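Rule-based calculations on the coordinates, nothing more; no lab input. Keep in mind that what you see is a predicted model, and the values were worked out from it rather than measured. Glycine also receives a Cβ, built like all others from the backbone with ideal geometry; neighbour counts cover every protein chain displayed.
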Amino acid sequence: MSSLFAADSVPLRTGPHRDVTITPLPEGVSEISASGPVPHFWTAPVDAAFDPDKHTVISFEYFSPSGMESVHLRYRQSDGSMTYAGESAMPVAETWQPFAIDFSDVKPPAPKGDPQFRFHLAFAYKPGSSLRIRNFAVRGPNAAELAAKAGREEVRRQREADAAAILSHLRAGHPARIDRVTVGAETVRVAGHAADGASLREIAIHEPAHRGAGLAPAKEGVAGNFSIDLPRFVEGRDRALSRWRLDDVEGNTLSPARWFDTTDPGVAADLPKLSAPHQKGLGGIPPVPQPDHVLFELGIRHATINLVLSPMISETPRPGFTPFMVDGREWFANDPFLKGLETTVRHLNAKEVLVSGILLVPNHAGKPMTHPEAEPRGIYSMPDLTDAEGSAHYRAVIHLLAERFTRPDCRIINWILHNEIDQAGVWTNMGDQPLARYLESYLRSMRIVHQTMRLRDPHARTFISLTHHWTKPSIGSGAYTVRPLLDLFAEMASAGGDFEWGVAYHPYPQDLRNPDTWNDKDVTDDFETPYITPKNLGVLPAYLAQPRFLYLGKTPRAILFSEQGFNTPTLSGEDQRRQVAGLIYTFRKLPSLPTVEAWHLHRYQDMPDGEGGLRLGILDEHGTRKLGWHAYAAIGTEREGEFAKIADEVMAAPRESPDRVVKMLKERGASFVLGGILSEIP
């Protein structure tokens with residue numbers, strides 16, 4: 001690399017890498033070309049002159065006619081944990097352009113003088129992307145970067161102030177109350193109690209309840225015990241999804257804002273409540289174009305399908321799109337895209353498979369449904385509910401899903417939002433947010449889905465999606481600790497009128513690479529456990545059995561174990577037997593957990609290139625059935641005993657540690673993100 005560096009800079013060199021080709025060129029230039037699905041490199045060990053208190057910016061100049069979507073910076077701490085340090089977009093550069101990531105706001109690197117300390121850079125890229133870099137260094141911030149940091153500090157203060165206002169509103173002693181909201185065919189009935197002079201306020205879906213006041217009062221002079229009927233439709237707008245709040249004459253809040261609780265007979269379709277005789281399910285469902293698809297041989301009665309929302313609608317006409325109306329506005333549905341989903345759901349329904357849909361918003365900066373504060377590193381985004389336009393897009397696509405998937409022969413009964421929200425930085429990105437502000441937006445997203453579906457399906461439910469972490473947060477920034485997150489979510493959900501939400505949890509083994517979950521070291525059977533894995537599955541149902549979590553004070557929350565599985569480190573017979581043991585071990589426990597309605601195996605087919613070498617499927621990447629396929633098909637049948645013997649033999653045998661495949665992956669410098677868990681192996 002070039003030696004032309006400022007006095008406060010420490011030169012960096014590239015080191016171990018994967019899925020990139022690094023070619024040295026004259027004059028200290030390096031060419032970096034993406035060559036695989038997870039392109040990344042570590043630097044060589046950083047020179048001892050590096051001072052983490054002073055050198056807080058990674059920088060270089062780059063030339064790239066194709067550009068990269070973004071570059072992500074991480075580094076490892078002394079205890080082995082990885083710190084996510086920031087990211088930046090890397091647009092097309094047809095001349096040499098500066099690039100920098102300031103990591104002064106995050107946990108500092110390992111202590112000064114660590115001879116093995118390295119930085120890690122990963123790329124989100126388009127096929128064929130490459131770049132050239134020069135003057136690669138870690139340095140002190142310049143004047144512009146110091147000013148930008150001051151701007152970030154101001155944004156942080158604003159977000160923290162808003163979070164404090166959310167909690168203050170949540171926990172205030174309100175003198176009035178709204179007890180019940182009922183939606184009829186043509187009216188909305190609001191009942192409650194207020195002192196003299198209250199105003200009944202309608203809160204729109206894009207307004208947070210603690211400061212929403214965009215619509216004129218729906219009724220003035222509300223007093224005493226009241227029951228008020230209001231028109232449901234106003235200028236084509238359906239008020240069923242509005243919240244209702246009591247304010248005084250000066251606009252001060254007198255009650256929490258409440259969503260509708262129920263509908264009058266005849267509003268929702270007369271659909272039956274569905275249940276299944278067992279918990280065996282499958283995630284990552286492939287398209288099911290025919291009723292005789294081979295996956296039905298597994299005997300599953302539950303399935304999840306991913307519903308990526310942005311491609312489903314357009315606000316302008318397109319070929320193949322059909323018009324539909326929401327709140328007096330015309331939208332256009334992507335029929336070819338939706339018909340494929342409908343075919344899959346119909347074939348699953350015909351086999352009495354209960355379908356859960358996972359709602360995902362792609363993180364495409366500037367697009368109408370993507371949250372404007374989302375960072376580039378997020379794979380998915382929180383939906384944009386910050387203004388009327390973004391909320392209208394989200395409202396429209398959820399309305400469309402309700403039209404298409406609440407039919408007797410094409411029905412999704414559970415709606416999971418969105419993906420692993422405790423690992424927000426990766427899976428449901430909204431930028432760096434205080435927990436209360438993050439959950440306020442997330443809960444509005446969930447209530448929009450719940451209320452929309454309940455207008456058509458009286459038994460539709462929504463679920464909060466969480467990783468296997470419990471009292472230990474996921475690695476990196478943008479992560480929340482699950483247990484306090486779940487506590488605050490329940491408190492906030494109740495304030496708006498309790499509704500039938502559940503938990504979609506992902507109890508992978510502690511180490512995703514190691515299927516021997518019965519040997520998980522850091523799990524316990526109490527509420528302080530760092531993780532919930534197959535070894536201590538009962539912790540979650542026990543925690544949710546506490547009175548403060550019960551629906552309407554009496555009904556336990558439903559649980560879906562909606563994503564988890566067991567890796568086969570290799571395709572050897574021994575490793576496939578370990579996967580079988582994990583399946584049998586888990587299904588021995590599930591019958592004693594009645595609130596766990598489903599266990600969805602992740603995944604149907606191995607995808608080692610896309611999941612960092614993991615082989616969690618029961619088919620290999622070529623479609624060959626693994627031993628796990630036969631074991632999973634046998635669970636719940638008379639053949640289960642054959643595989644139970646295999647499981648008992650595997651679990652009784654001692655195993656070496658570390659696993660040989662982990663050693664192999666370390667040698668390759670593997671890096672992957674799966675299930676909200678970032679793993680970096682230097």
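Quick notes on this structure:
- Residues D525 and L215, FRET efficiency given R0 of 35 Å [Cβ-Cβ distance, rounded to 0.05]: 0.10
- DSSP-defined beta bridges in the chain - what % are antiparallel, rounded to 5: 70 percent
- The ranking of W518, W501 from fewest to most other beta carbons within 10 Å of each one's beta carbon is W518, W501.
- Under-15-angstrom lysine pairs by C-alpha in region 280-680, whenever the two are 8 or more apart or on separate chains: 5
- With q set to 0.08, 0.10, 0.12 Å⁻¹, the log10 of I(q)/I(0) for the chain, from the Debye formula over equal scatterers at the Cα positions, is -0.67, -1.03, -1.39.
- Net length gained if the chain between S227 and R180 were fully extended (0.36 nm per residue, minus Cα distance): 16.0 nm
- Annotation: the residues S35, S314, sorted from fewest to most other C-beta atoms within 10 Å of their own C-beta, follow the order S35, S314.
- The charge dipole of the chain, taken about its Cα centre with unit charges on the Cβ atoms of Lys, Arg (+1), Asp and Glu (-1) only, comes to about 740 debye.
- Within region 397-495, none of the GluC sites (Glu not before Pro) combine a DSSP coil assignment with at most 13 other C-beta atoms in a 10 angstrom radius.
- In nm, spacing of pseudo-spin labels at A276 and R329 (7 Å Cα→C-beta vector): 3.7 nm
- Extension gain for H293-K589 works out to 103.7 nm (0.36 nm per residue, less the C-alpha to C-alpha distance).
- Residue among P26, G613, A647 farthest towards the positive dipole end of the chain, charges placed on Cβ: A647
- Over region 177-263, the alpha carbon radius of gyration divided by the compact-protein estimate 2.2 N^0.38 Å works out to 0.98.
- Among M651, M453, a tally of other beta-carbon atoms within 10 Å of each Cβ gives an order, fewest to most, of M651, M453.
- Sites T637 and D409, calculated FRET efficiency, Cβ-Cβ separation with R0 22 Å, nearest 0.05: 0.20
- Inter-part distance, region 125-200 to region 31-88, computed on C-alpha centroids, equals 30 Å.
- For region 177-263: relative contact order, % (alpha-carbon pairs under 8 angstrom, 6 or more apart): 38 percent
- Estimated FRET transfer efficiency when R0 is 56 angstrom, pair L552-A49 (beta carbons, to 0.05): 0.35
- Over region 280-680, the reciprocal of the mean inverse Cα-Cα separation, the Kirkwood hydrodynamic radius, stands at 21.7 Å.
- Relative to the current alpha-carbon distance between R346 and T21, full extension at 0.36 nm per residue lengthens the span by 112.4 nm.
- For region 1-109, the set of GluC sites (Glu not before Pro) satisfying both a DSSP loop assignment and a count of at most 12 other C-beta atoms within 10 Å is given as E27.
- Square roots of five times the Cα gyration tensor eigenvalues for region 300-440, Å: 26, 20, 12
- Two-decimal Rg to Rh for region 1-149 - Kirkwood Rh, Cα set: 0.93
- Relative contact order [Cα under 8 Å, 6+ residues apart], the chain, whole percent: 10 percent
- Residue-averaged 222 nm ellipticity for the chain, from DSSP H runs of 4+ at -39500 (n - 2.57), nearest 500: -7000 deg cm²/dmol
- In nm, spacing of pseudo-spin labels at E500 and S78 (7 Å Cα→C-beta vector): 5.4 nm
- Inter-label distance, F337 to W96: 4.3 nm, where each label sits 7 Å from its Cα along the C-beta direction.
- Measuring between their Cα centroids, region 98-114 and region 360-396 lie 29 Å from each other.
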